[in-house]
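The values are calculated or read from the model by the stated rules, or taken from the named source; none is laboratory data. No experiment lies behind these values; they were computed from the predicted model shown. Cβ: placed from backbone, ideal geometry, glycine included. Neighbour counts: every protein chain shown. Surface areas here come from the heavy atoms of the whole protein model, side chains and all, with no ligands, DNA or RNA. Shrake-Rupley method; radii C 1.70, N 1.55, O 1.52, S 1.80 Å.
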Amino acid sequence: MDPTLIGQALLNGILFGGVYSLMAVGLSLIFGVMRVVNFAHGDMMVWGMYLALVLAERARLDPYLGFVLCAGLLFLLGAVVQRVLVDRVVDSAHEMQILLMLGVALVLENTALVIFGPDPQRVASPLTTATIWLGPLFVDVARLTTFVVAIALTIALYLFLARTRPGQMIRAAADNTYGALVVGVNVPRVYMVAFGIGAACVGAAGALVSAFLPFQPASGLSASVTSFNIVIIGGMGSLLGAFCGGLAVSIAESLGAVFLSPSLKELVSFSLLVLILLFRPAGLFGRRTP
Amino acid sequence: MRWAGLVLVALLLALPAILSSYAITIFIVIFFYAFLGQAWNIVGGYAGQLSIGHAAFVGVGAYTAAILARDTGLTPWVGMFVGGACAAALGTVIGYLGFRFGLRGFYFALLTVAFAEIARIVTANLEATGGALGLYITFTGDPRQFQFSSNLPHYYIALALMLVATGVAGGIERRRLGAYLAAIRDDEAASEALGVNSFRYKMIAIVISAFLTGMGGTFYAFYFLSLQPNTVFGVPFSVEIALRAIVGGSGTLLGPILGSFLLTPLAEFSRAYFATGGWTGVHLIAYGLLLIVVVLFLPQGVYPYLRRLVGEGQRS
Amino acid sequence: MAALLEVEQVSKRFGGLQAVKELSLTVTEGEIVALIGPNGAGKTTAFALISGFLHPDAGQIRFRGQSTVGRTPHQLCALGIARTFQIVRPFLRLTVMRNVVVGALLRHPHVPTATARAEAVLEEVGLAAKRDQPASRLTLADRKRLELARALATEPALLLLDEVMAGLNPIETERLVELIRAINRRGVTMLLIEHVMRAVMAISQRVVVLSGGQQIAEGPPARVSCDPRVIEAYLGDEHVGAAQG
């Protein structure tokens, strides 16, 4: 096989991995803090994409600037969903939480379907036409920008959690809800903020890929499934695991698309998932047995 | 209780005599969804292992029977069981991965979704399955091909499927398996301490459930005569199956049937109404809202609620 | 009498915490042995190791001469080791009867026989009148009885009771002590964790004292309670009062 082709696939995999990481970090944060699996994660991503589309068409805002606004709006959506719905089932059985989030997912997906229709769309951005050549390999400027921004956002989130007071509160709540209550953390507010941040991450991820990845309302499900895969592979609740898992899955899919067929690339990440569940069910970075 | 059930069955047997042809088709779909909901109920309700991927079992069963009929001429009456076996094999794999190591419950839920998605992708990419365009079965009206010139036979077949699944669920409920599944659903560690091999019984539950659901695939294929990967493996279909049992009361014998009688007509009418108006997504928004409402206000489903109401009514 | 349970040099560590360290103890058939010690001494961990919920890092556990290491809780239950949980875990959605039937089904796979068996056990523990109530409606004292009944229904040779007296008033304690004695007279060997020293003194033939994951004393209750090492282990602990009472 042509080494250039493999090199190109590797490079594409790494570049797209930033987005996967950002999606998975958002999911993992929500799960880590309140042990709720956000089944509407992918649909929130799709809403990030459509918001980017609306901003581009109505306000002529390039998605590479508009993503900030999309993240902000998704933060609000996430916070509202948490406060109004998730908060009532935080202590319920997990199947109830899953069903509730599934309900939210159906509503989000089909509201998008009613408003925007079923046809695939893409947001126009001048960045998509520019390419840089690195020897025999080419780098799509849009994808490069997406990668840089996604990684920067992930690092910013990490610093926020590690260095700031609200971030420490979120971590405290994730470690031990009861302990956090005792030391005076406003747990309900922390939950709301954490869900908002998780949604903002995936919303930003959606806006950042909207210029080169065609999307439609039904895209949400496969984005959710990919996020679940990454988070299980990395280790439920581990942010580092989500970050590395995102890169790993993206590279694997990209190589898989070269060796197998592009339409079967999801099978690659899925095989990874099965292997992880067989041999390391806690995930690559999970410490405890789940 | 027993005679009430018998009267009801007799009523359903005699019902087609006074029903219009359109009403019969509605009842066929009601029975079929009650059957699928009941099959789901065995693992999702009694065992408490939430599956959001039961469409995968329907799909595997449907494609198996349809392809066998097309390529080898095997009658769907036998293909039905082959399809069930294939679905059971898939269930074994999902259960093995999801139930090992005492993984938390949501792993199973995530796996069921993931496997249904993968089944969809694979089916859409294989030539033998007709790819993304789907697989169409030509109508012959030949009973050996599970086809009939009137819809009356399908009415009775669907009714029989519903009764068989309910019989299976009832049998489980009365036996050791049922007591163990209820215990596992309540507290897995405590059941283990009482000698219950929870992995084993959860596996039995998913295999039975997947087998029955897979058998339903044959009905799906040869009643609707068209299989499309996006529909037959789709999450909305899985949700529809689970929703029947959950709304009616998951883990109860009558829940899925009640759920289907409540939801199916609603779904049929709203689908017909909104789809003709061009509002394709609206009935799914309604499903989503319904799920949210049920979780928040009626988490145990309608049947236990009704039973409590009746109980209180008798006491006062 | 033959040794029913032998724990030899068993250790278990959780991260930086050595929960159980080179613990050895033997329970002879027919005995009632109490495992006591201050909070965090490793008693519940020891129970989890014996009942298969945890696996030891080192050491050997034998039941009737057979190694149990690596076996799962349900396998050990089938061999004849039953346990109760410190924080009771009844199946809340099931009736009292159904709870016990689940235990009885281990030896009687048919529901009617298991039901008959469960009936007898409920009679024995004094819960027969409440058989059709959901377990969620029971008081704490009754839940503890139910926990005991369920374990008993599996017809164990060795019964591990984790603080079945905690939270009961003196009269309830008295009744439960009687019940445990009666069960023991039927030939069920018992290992119990207990903080209620009055109960320990009343029923156990032998006491094993743990502190810091290790055994520090062993012997008849009267002798152990005067042992200076034991008093030291409890000193400063919140259970000093209980230890002397």
Task: Where GluC sites (Glu not before Pro) fall in DSSP loop in the stretch C:21-130, at most 16 other Cβ within 10 Å - done: C:Glu29
TODO: Report the FRET efficiency, 1/(1 + (r/R0)^6), for A:Val90 and C:Gln18, where r is their Cβ-Cβ distance and R0 is 60 Å, rounded to 0.05.
DONE: 0.95
- [ ] Report the residues of the stretch C:42-59 in range of a label on C:Arg229: point 7 Å along Cα→C-beta, backbone N strictly under 17 Å from it.
- [x] C:42-43
Open item on the list: With N set to the number of residues, divide the alpha-carbon radius of gyration of the stretch A:1-54 by 2.2 N^0.38 Å and report two decimals.
Closed with: 1.56
TODO: Could you work out how far apart the two model spin labels at C:Glu218 and A:Val54 are, taking each label as a point 7 Å from the Cα in the direction of the beta carbon, and quote it in nm?
DONE: 7.3
Open item on the list: Using only the Cα atoms of the stretch C:1-137, what are the Rg and Dmax in Å?
Closed with: 17.3, 50
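Give, to the nearest whole percent, the P(r) tail of the stretch C:67-109 beyond 12 angstrom, counting all Cα pairs.
69
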Task: Scattering curve values for the stretch C:155-220, log₁₀ I(q)/I(0), Debye with Cα scatterers, q = 0.14, 0.17, 0.23 Å⁻¹ - done: -0.43, -0.63, -1.08
Task: For the stretch B:74-181: relative contact order, % (alpha-carbon pairs under 8 angstrom, 6 or more apart) - done: 21
Open item on the list: Using the basic label-point model (7 angstrom from Cα toward the beta carbon), what is the C:Gln86 to C:Arg186 distance in nanometres?
Closed with: 2.8
- [ ] Would you work out which of A:Val141, A:Phe116, A:Gln82 lies farthest towards the positive end of the dipole of the stretch A:55-152? Charges go on Cβ: Lys and Arg +1, Asp and Glu -1.
- [x] A:Val141
Open item on the list: Using a loss threshold of 30 Å², tell me which positions in the stretch A:64-101 are less accessible in the complex than in their chain alone. Probe radius 1.4 Å, ligands and nucleic acids ignored.
Closed with: A:Leu85, A:Arg88, A:His94, A:Glu95, A:Met96, A:Ile98, A:Leu99, A:Leu100
Task: Where N is the number of residues in the stretch B:1-125, Cα Rg divided by 2.2 N^0.38 Å - done: 1.30
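Classify the stretch A:1-115 as rounded, prolate or oblate from the Cα gyration tensor: take a ≥ b ≥ c as the square roots of its eigenvalues, call it rounded if a/c is under 1.5, otherwise prolate when a/b beats b/c and oblate if not.
Values: a/c = 2.32, a/b = 1.39, b/c = 1.66.
The shape class here is oblate.
Restricting the count to DSSP beta bridges whose residues both fall in chain C, what percent are antiparallel, rounded to a multiple of 5?
Of all bridge pairs located within chain C, approximately 55 percent are antiparallel.
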- [ ] May I ask which residue of B:Tyr96, B:Gly53, B:Leu181 lies farthest towards the positive end of the charge dipole of chain B, with charges of +1 (Lys, Arg) and -1 (Asp, Glu) on Cβ and the Cα centre as origin?
- [x] B:Leu181
Task: Length added when fully stretched, C:Asp57-C:Ala202, from 0.36 nm per residue minus Cα-Cα - done: 48.7 nm
Task: Nearby lysines by direct alpha-carbon distance to C:Lys130 (threshold 25 angstrom, same-chain neighbours under 8 apart not counted) - done: C:Lys144
Task: Listed residues B:Ser226, B:Ser198, B:Ser150, most fluctuating in chain B (Gaussian network, C-alpha, under 10 Å) - done: B:Ser150
Task: Lys, Arg +1 and Asp, Glu -1 on Cβ, resulting dipole of the stretch B:200-310 about Cα centre, debye, nearest 20 - done: 360
Task: Alpha-carbon Debye profile of the stretch A:40-102, log10 I(q)/I(0) at 0.20 Å⁻¹ - done: -0.76
Open item on the list: Is there a quick way to get the dipole size of the stretch A:42-101? I mean about its Cα centre, with the Cβ of Lys and Arg at +1 and of Asp and Glu at -1; what is the value in debye to the nearest 20?
Closed with: 220
Open item on the list: Please report the antiparallel percentage of the DSSP beta bridges confined to the stretch C:119-245, to the nearest 5.
Closed with: 50
TODO: Please find the FRET efficiency linking B:Arg70 to B:Asn125, where r is the Cβ-Cβ separation and R0 is fixed at 22 Å, and quote it to the nearest 0.05.
DONE: 0.75
Task: Within chain C, helix-based [θ] at 222 nm, where runs of 4 or more DSSP H residues each add -39,500 (n - 2.57), nearest 500 - done: -11000 deg cm²/dmol
TODO: Quote the accessible area belonging to B:Glu268 in square angstrom, nearest 10, computed with a 1.4 Å probe and with ligands, DNA and RNA left uncounted.
DONE: 50
Task: Reachable lysines, given that their alpha-carbon falls under 16 Å from the alpha-carbon of C:Lys43 and they are not under 8 places away in the same chain - done: C:Lys12, C:Lys21
- [ ] Find the sum over both chains of the accessible area lost when B and A are paired, probe 1.4 Å, and report it in Å² to the nearest 100.
- [x] 3800
Task: For chain C: relative contact order, % (alpha-carbon pairs under 8 angstrom, 6 or more apart) - done: 26
Open item on the list: Given a 1.4 Å probe, show me the residues in the stretch B:184-219 buried by at least 40 Å² of accessible surface when comparing the whole protein assembly to the chain alone.
Closed with: B:Arg185, B:Asp186, B:Asp187, B:Ala189, B:Ala190, B:Glu192, B:Ala193, B:Leu194, B:Gly195
- [ ] Take the alpha carbon gyration tensor of the stretch A:134-290, find the square roots of its eigenvalues, order them as a ≥ b ≥ c, and report rounded if a/c is under 1.5; if not, report prolate when a/b exceeds b/c, else oblate.
- [x] prolate
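Return the calculated 222 nm mean residue ellipticity for chain A, to the nearest 500 deg cm²/dmol, obtained by summing -39500 (n - 2.57) across DSSP H runs with n ≥ 4 and dividing by the residue count.
Theoretical 222 nm ellipticity from helices: -25000 deg cm²/dmol.
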Open item on the list: Please state the shape class of the stretch B:201-316: rounded when a/c is under 1.5, otherwise prolate if a/b exceeds b/c and oblate if not, all from the C-alpha gyration tensor.
Closed with: oblate
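Might you report the magnitude of the Cβ-based charge dipole of chain A about its Cα centre, with Lys and Arg at +1 and Asp and Glu at -1, to the nearest 20 debye?
It works out to roughly 740 debye.
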Task: Over chain A, equivalent-ellipsoid semi-axes from the Cα gyration tensor in Å - done: 30, 23, 18
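So which DSSP H runs in chain A come out at 27 Å plus along the axis (Cα) with average Kyte-Doolittle of at least 0.0?
Details: long enough: A:3-34 (45 Å, 1.60); A:63-84 (31 Å, 1.78); A:94-116 (32 Å, 1.58); A:141-163 (32 Å, 1.86); A:187-209 (33 Å, 1.67); A:239-259 (30 Å, 1.75).
Membrane-span-like by this rule: A:3-34, A:63-84, A:94-116, A:141-163, A:187-209, A:239-259.
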- [ ] Largest first and in whole Å, give the semi-axes of the stretch A:207-286's equivalent ellipsoid, each being the square root of 5 times a Cα gyration tensor eigenvalue.
- [x] 22, 16, 11
Task: Selection from B:Ala132, B:Gly37, B:Thr72, by position along the positive dipole direction of the stretch B:1-148 (Cβ) - done: B:Gly37
Task: Directionally averaged shadow of the protein assembly as shown, computed from the convex hull of its alpha-carbon atoms, nm² - done: 41.0
- [ ] With r as the distance between the Cβ atoms of A:Thr164 and B:Ser20 and R0 = 60 Å, compute the FRET efficiency 1/(1 + (r/R0)^6) and round to 0.05.
- [x] 0.35
TODO: Pairs of Cα atoms under 8 Å, at least six residues apart: use those to get the relative contact order of chain B, whole percent.
DONE: 32
TODO: For chain C, set up a Gaussian network in which alpha carbons nearer than 10 Å are linked by springs, and say which option among C:Leu25, C:Leu17, C:Leu106 fluctuates the most.
DONE: C:Leu17
Task: Area of C:Leu191 that stays accessible when all protein chains are in place (1.4 Å probe, Å², to 10) - done: 0
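Quick one: what do you get for chain C if you divide its Cα Rg by 2.2 N^0.38 Å?
With N residues counted in chain C, Rg over 2.2 N^0.38 Å equals 0.99.
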- [ ] Report P(r) for chain B: all Cα-Cα distances, bin width 10 Å, range 0 to the bin holding the largest distance, values in whole percent.
- [x] 6, 26, 36, 24, 7, 1, 0
- [ ] Would you calculate a helix-derived [θ] at 222 nm for chain B, using -39,500 (n - 2.57) for each DSSP H run of n ≥ 4 and dividing by the full residue count, to the nearest 500?
- [x] -25000 deg cm²/dmol
Open item on the list: Check which residues have an amide H placed less than 5 Å from C:Ala58's amide H, if you skip close sequence neighbours.
Closed with: C:Ser11
Open item on the list: Counting only protein heavy atoms and a 1.4 Å probe, tell me what percentage of the protein assembly as shown's accessible area is made up of carbon and sulfur.
Closed with: 63
Task: Pairwise label distance in nanometres, A:Arg83 with B:Leu6, each label 7 Å out on the Cα-Cβ vector - done: 6.0
TODO: Taking only protein heavy atoms into account and a 1.4 Å probe, give the accessible area per residue of the protein assembly as shown in Å².
DONE: 40
Task: Normalised per residue, the volume of the convex hull around the Cα set of the stretch B:105-222 (Å³) - done: 132
Open item on the list: Which residue fluctuates most in the GNM of chain C (Cα springs below 10 Å): C:Phe85, C:Phe14, C:Phe63?
Closed with: C:Phe14
